[in-house]
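Single-structure report; data block below.
The values are calculated or read from the model by the stated rules, or taken from the named source; none is laboratory data. What you see is a predicted model; the values in this text were computed from it and never measured. We place every Cβ from the backbone using ideal geometry, glycine too, and count neighbours over all the protein chains shown. All accessible areas refer to the heavy atoms of the entire protein, side chains included, with ligands and DNA or RNA removed. Shrake-Rupley method; radii C 1.70, N 1.55, O 1.52, S 1.80 Å.
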Amino acid sequence: MTRIVHLSDLHFGRDQPELETPLIEAVNGLTPDLVAISGDFTQRARVGQYDRARAFLNRIEAPTLSVPGNHDTPLDNLLVRFFQPWKRYRQAIDANLEPSTDLDAARVMGVNTVNRFSWQRGKMSRRTVARVCAAFADAADSLRVVVLHHPLEHGPEVEKRLMRGARSALGRLQECGADIVLSGHLHHTVTAPFERAEGLLFVQAGTGLSNRLRGEANTFNVIEGDRKGLTIRTFAAQDEPAFKPEMEAAFSRRNGIWSAA
């Protein structure tokens with residue numbers, strides 16, 4: 001059985017500092033196999049914001065896997081954004097924008113979906129999907145996890161445009177045996193099979209620390225299980241302040257389809 005903590009959208013620079021230690025304590029207390037962070041470490045990709053993000057990562061006891069979000073390239077410095085978009089991210093977070101790792105019973109692939117020429121809308125190319133699928137080809141019975149910032153599906157309530165390539169990527173990832181996609185971006189929790197790809201589980205994290213809340217408290221997710229069954233618990237910030245379990249959803253897989261257990 002694998003346990004992965006999923007954080008997203010920390011937004012240092014527009015965060016709530018009083019939640020930082022409670023979040024770290026909750027994450028470390030869960031003793032996960034991996035902490036996956038699906039982008040937006042900063043609000044404006046400034047050096048000081050990255051310094052705080054790095055200090056936060058240094059307090060996490062488990063191994064981490066991180067991918068960038070659209071806020072992790074500068075909005076207000078176009079020269080840096082267009083010509084050195086990842087310099088600060090690489091220095092502070094990870095030199096590899098698309099890291100991967102093998103756990104005892106899981107293979108986790110990071111994907112950079114940020115389009116530096118479009119502030120909000122991401123992109124996922126066919127080449128990227130092919131790379132991920134090739135990595136899953138020899139994953140055997142390992143849980144197959146994809147981590148990216150922009151979601152592959154939007155509900156009807158979402159006004160932002162779906163990222164380029166999302167629909168074709170969703171179908172191809174299901175075909176090549178991916179099990180679960182972890183994303184962020186919208187500051188809203190989702191735990192359900194994709195509507196267009198029921199063989200693939202959609203786990204979207206809310207914001208871990210930001211004060212830009214969108215109808216729910218600061219949250220993070222914990223994923224536990226294997227290819228046959230998964231449980232996702234959502235932890236939410238309380239008034240103490242502390243992060244405590246708020247929701248739990250269990251899924252089982254039959255005939256290649258995820259359904260509520």
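Miscellaneous remarks
- Environment charge of ASP102, counting only residues whose C-beta is closer than 12 Å and scoring Lys/Arg +1, Asp/Glu -1: -1
- Expressed as a fraction of 2.2 N^0.38 Å, the value expected for a compact globular protein of N residues, the C-alpha radius of gyration of region 194-261 is 1.27.
- Distant-in-sequence amide H partners of GLU246 (H built 1.01 Å from N, under 5 Å): THR234, PHE235, ALA236
- Region 63-181 - charge dipole about Cα centre, Lys and Arg +1 at Cβ, Asp and Glu -1, debye rounded to 20: 720 debye
- Of the residues HIS11, THR113, PHE83, the one whose Cα sits farthest toward the positive end of the charge dipole of the chain, with +1 on the Cβ of Lys and Arg and -1 on the Cβ of Asp and Glu, is PHE83.
- Bridging of LYS244 to aspartates and glutamates at a Cα separation below 17 Å is possible for GLU18, GLU20, GLU25, GLU216, GLU224, once same-chain residues fewer than 8 apart are set aside.
- Based on alpha carbons, the Rg and Dmax found for region 34-81 are 11.6, 36 Å.
- Amide H contacts of GLY69 (H built 1.01 Å from N, under 5 Å, at least 5 apart or other chain): ASP40, PHE41
- Relative contact order of the chain: 20 percent, from C-alpha pairs under 8 Å at least 6 residues apart in sequence.
- Centroid-to-centroid separation of region 178-239 and region 116-174 [C-alpha atoms, Å]: 15 Å
- In Å, descending, principal axis extents of the Cα set of region 95-199: 38, 32, 23
- Helical runs assigned H by DSSP (4 residues or longer) give the chain a calculated mean residue ellipticity at 222 nm of -6000 deg cm²/dmol, each run adding -39500 (n - 2.57) before division by the residue total.
- Across the alpha-carbon set of region 85-152, the Rg to Rh ratio works out to 1.00, Rh being the Kirkwood radius.
- Antiparallel content of DSSP bridges confined to region 143-231, in %, to 5: 45 percent
- Backbone phi angles across region 44-56, fed through the Karplus curve with coefficients 6.51, -1.76 and 1.60 (θ = phi - 60°), yield HN-Hα couplings of 9, 6, 8, 4, x, 5, 5, 4, 5, 5, 5, 5, 5 Hz in residue order; Gly and Pro are listed as x.
- Remark: region 133-143, residue by residue, has Karplus-estimated 3J(HN,Hα) of 5, 4, 5, 7, 4, 10, 7, 6, 8, 5, 4 Hz, where x stands for each Gly or Pro and the curve is 6.51 cos²θ - 1.76 cosθ + 1.60 at θ = phi - 60°.
- When only the Cβ of Lys, Arg, Asp and Glu is charged (+1, +1, -1, -1), the dipole of region 162-261 relative to its Cα centre reaches about 420 debye.
- Cα-based Rg of region 60-108 normalised by 2.2 N^0.38 Å, two decimals: 1.41
- Isotropic mean projected area of the C-alpha convex hull, region 142-261 (nm²): 7.6 nm²
- Solvent-accessible ranking of ASP51, ASP94, largest area first, probe 1.4 Å: ASP51, ASP94
- The lysines whose alpha-carbon is closer than 30 Å to the alpha-carbon of LYS87, local same-chain residues fewer than 8 away aside, are LYS123, LYS160.
- Magnitude of the charge dipole, the chain, Cβ model with Lys/Arg +1 and Asp/Glu -1, debye to 20: 1280 debye
- On the beta carbon distance between GLU25 and ALA260, with R0 = 41 Å, the FRET formula returns roughly 0.85.
- Region 1-87 - convex hull of alpha carbons, volume per residue in Å³: 85 Å³
- Multiplying each eigenvalue of the alpha-carbon gyration tensor of region 35-130 by 5 and taking the square root yields semi-axes of 22, 19, 9 Å, largest first, rounded to whole angstroms.
- Percentage relative contact order, region 1-104, counting C-alpha pairs under 8 Å, at least six apart: 29 percent
- For region 167-220, the normalised intensity computed at q = 0.16, 0.22, 0.26, 0.30 Å⁻¹ comes to -0.51, -0.76, -0.91, -1.08 (log10 of I(q)/I(0), Debye sum over alpha carbons, equal scatterers, no solvent).
- Accessible carbon and sulfur surface of the chain relative to its total accessible area, %, 1.4 Å: 46 percent
- Evaluated over the Cα positions of the chain, the convex hull gives a direction-averaged projected area, one quarter of its surface, of 12.6 nm².
- Solvent-accessible surface of region 1-94, taken per residue with a 1.4 Å probe and all protein chains present: 40 Å².
- Karplus-derived HN-Hα couplings along region 188-205 (A = 6.51, B = -1.76, C = 1.60, θ = phi - 60°), whole Hz, x at Gly and Pro: 8, 7, 9, 9, 5, x, 4, 5, 8, 8, 6, x, 10, 8, 9, 10, 10, 8
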